[in-house]
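> Encoded as structure tokens, here's the structure I'll be asking about.
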Amino acid sequence: MRVLTLLRGEGGLRQPDRLGSFVNSVCNHVLFEHYRSQKRTEATIDKEVEATLAGREPSALRLLEAKETERRVRQILNQVPERDRRLLHSLFLEERNKDEVCAEFGITREYLRVLLHRAKLSFKSCYTSRLGAS
């Protein structure tokens, strides 16, 4: 319909030998309009679903899984060396400011990055060895 409307309009088709390209271009524009309108609809639906899910109370199963995960993390943290444990606990469980942690440990921010990397590796090593044992 759009092609016929444009052909009958004021400008018409100036070069009849390019009719195929003209029709193809109009179809491409219609297709892109369709895709854009679908994206808007999908984004609106996604936002509605997220809002609905966010308003729900966590299920008993999810609460149980969260407690179990917390218990496992604490067990693994107990296997990590003391300094690494204190560092990970301060930054991730207590969510303390990195500058405060640096002052407590007497280190610079650059060295904190190194120690944190090593602590994560230590935790990962304990975690993977525990998975292999269970």
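Readers should treat all values here as calculations from the given coordinates under stated rules, not as data from a laboratory. The shown structure was predicted, so the numbers you read here are calculated from the model rather than taken from an experiment. Glycine gets a Cβ as well: all are built from the backbone with ideal geometry, and neighbour counts include every protein chain shown.
> Grab the helices (runs of 4 or more DSSP H) fully contained in segment 62-134, keeping just those with 3 or more residues being surrounded by fewer than 14 Cβ atoms within 10 Å (Cβ to Cβ). I'd like the intermediate steps shown before the answer.
Working: elements: 82-88, 98-105, 109-133.
It comes to 98-105, 109-133.
> Cβ-Cβ below 7 Å, separation at least six or inter-chain, first residue in segment 14-30 and closer than 15 Å to M1 by Cα, second loosely packed, with under 12 Cβ neighbours inside 10 Å and of a type outside the set (D, E, K, R): which pairs?
Close Cβ pairs (under 7 Å, with a partner that is loosely packed, with under 12 Cβ neighbours inside 10 Å and of a type outside the set (D, E, K, R)) do not exist here.
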